Each structure stands twice: as structure tokens, then as C-alpha cells.
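The values are calculated or read from the model by the stated rules, or taken from the named source; none is laboratory data. Being a predicted model, the structure only gives us computed values, none of them experimental. No Cβ is skipped: glycine too gets one built from the backbone with ideal geometry, and neighbour counts run over all protein chains shown.
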Ligand SMILES: Cc1ncc(COP(=O)(O)O)c(C=O)c1O
């Protein structure tokens, strides 16, 4: 029996073929393909000031640096997210203030409001599964209170509302909807910060201005966060078919909806009392599912567990279901039926 994985990389034939050519070209490092990927990305998504980097985590790190987040600055961030959202804040010595989630697993706006203080430097909005709910409200709050808003849109490329905050961080990691193998993107609202980001992603000097180490003075301590031409070529090849990827994801979301299951652009989601049993039941029928991300306060590095009303209630209830190019509408109908059957069995027991 075929098993449908929870996540599966999708690589187009354009990406495969063009990557072979780049691998044979002698130009693997950062070069024209990176520039082309940035240009085509900006055109496709009607955005500007896009800096490609080598991971979504690097994009977040760079955003926090450009936002000037430093020691003891309070940053409000969701308790449930990929640890990559929050680990770079630890490196900066920032004071992480976790906010609870709502029942759709996105950050609770009400809890954010409660946790804003005079020391709040930034708020991080995570599109969990690509879900946009709450972003507009946080944009309004951030504007009103003069707080920096950072969007962690690592899972959101296939959703229709991202790139609105002061900084938007994207991931092109292997299992993301648009993959470069590994890679990330940072979109800066401010052009000057974008220019600074361009320098910081490459040790502290601007490669596009043909600056070179040795004949350029370094006045900022940069990083080695840039993308390379191999990753950019994979990204370009997948970008060519992105409309097809998007249409497929939207078809699956609709199909899940028909079956009574909420689906976001990157995964579908159920809340169940007996999660382990459902996971096992689905797996026995060839469907992989999982939790993938965990409440971050379970890790010592973030200071240990604290009470959060909704997170505490849902901690053992949320289960993510597959939604990617390797899933068909027929598969979705089967998943919905299995979940429905499981619920019926539970009720009768
Ligand atoms: C919400 C979120 N933020 C950040 C990241 C980090 O992205 P990357 O793996 O490209 O570093 C991920 C990756 O899974 C993510 O899901």
C-alpha cells in the first residue's frame, strides 16, 4: 500500500534539468542565478526589496538584526511555532514573551494585547500552516503602538496575504511549497534597511556593487547568509510552475473543506481527543500525519513551561494532515472519510 507522507518535496523538471546545467557550468556560488531568482520572485509576487538567503532561519536572524533587537528588548512571539522563529532571539539576548494561541493554532491577538509593555520592541506573527488570520489586526496594533512587526511567513508562500509587515521572512527549505532545497528570503519594507541587509548577508559588503574584500573597508559585522546559484536554480525551476502548485494546493484545500476538515495552504488540521489513536489508524490506512511543531516553552532554552489556556488545552489534540503535490483529491476524500470513521468509532465506544 502506498503511504502518503505528511510532507514531501516537490521539484519540477525545469528545476532538475537547469540544476544539472548549473552543476556543470563551473558557477555554483552566489551569482547571476541568485539575482535572476530575486527578480523573478519580485515579479511573480508583486513585491520588492527581496533578499535571498540560505535559510528561513537566516532570514529571521537578519530581520531581528535589522530591526535592532538587542539585549533585554521584549519580543512577543507565539508559543507554538518552529523553534527557528525563536532561537535567533536567544542569540540576541532578547527577552522572549510568549503569547498563547487560538484554536486555529495562530497567535492569540487578545493575549498579544495583554502582553504589550513599554519595553515591547517587536511582535512576531507566524502564519502557522500558511494561515493569515490575525495578521491584519497585528498590523493595526503595531502601527498604533509604534512596534515593529515581523512576519514569519516560512509556511505561507501559497497563501494570499503575506509580505505586509516591516520584515517578512520566507523559507524555501526542502518540504516547503516553493523549495530551493534549502533557502530563505527576507523582504524589507524600508529600502535603507534592505540595502543594509544586502551587505550583512555577505560579511558586510555589497557584492552587487562589485565590492571586494581587501579593497573595501568593513564597517559592519556581517554574516555568510547568502544563497548560491544551485539553490537559486532549483527555486527558479519551481517558480516557473508555481501557478500549477498553487492551483493544486487550492484544490486540496477545497476538497478538505467539503469533508469538514480545515485546511491551510501548507497542511490540513484536526483537533481530536485521542490523537495517538487517530495517527495510528490513519497510518494503518497509508496516511502519515503528525504534530511537526511543538510548544516552544517545553524546551529549557526558552525558560521552561508556563501556563497558556489554549495551548494547554490543545497540546495533545492537534494533528496535521498532508497537503502537497503528492496528494490527490481522491486521497483527500479518503483522509476525510477515515477521520469521519474514526470519530464515529470513538463515539460508539
Ligand atoms: C514557522 C517557521 N519558521 C521558520 C522556519 C525555518 O526555516 P528554514 O528551515 O528554512 O531555516 C520554518 C521551517 O520549518 C518554519 O516552519
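Results, tabulated for the structure shown:
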read-out	value
Boolean, residue 276 is over 22 Å from residue 107 (Cβ atoms), more than 23 Å from the chain's Cα centre (by Cα) and buried (at least 17 other Cβ atoms within 10 Å of the Cβ)	no
Among residues of segment 41-53, those that are assigned to a helix (DSSP H, G or I) and within 16 Å of the ligand (Cβ to nearest atom), counted	1
Given (1) buried (at least 17 other Cβ atoms within 10 Å of the Cβ); (2) closer than 24 Å to residue 127 by Cβ; (3) in contact with a strand residue (DSSP E or B) (Cβ under 8 Å, 6 or more places away or on another chain), index of the condition residue 265 fails	(3)
Residue match in segment 271-288 (condition: touching a strand residue (DSSP E or B) at 6+ places or on another chain (Cβ under 7 Å), touching a residue at least 24 places away in the same chain (Cβ under 8 Å) and assigned to a strand (DSSP E or B))	yes
Any hit, segment 25-40, residues being closer than 16 Å to residue 169 by Cα and surrounded by fewer than 23 Cβ atoms within 10 Å (Cβ to Cβ)	yes
Single residue of segment 75-125 satisfying the filter (assigned to a helix (DSSP H, G or I), out of contact with any strand residue (DSSP E or B) (no Cβ under 7 Å at 6 or more places or on another chain) and away from the ligand (no atom under 15 Å from the Cβ)) that is nearest to residue 156 (Cα to Cα)	109
Subset of segment 12-24 [buried (at least 16 other Cβ atoms within 10 Å of the Cβ) and in a loop (DSSP other than H, G, I, E, B)]	12
Segment 54-74: number of residues that are modelled with pLDDT under 95 and within 9 Å of the ligand (Cβ to nearest atom)	0
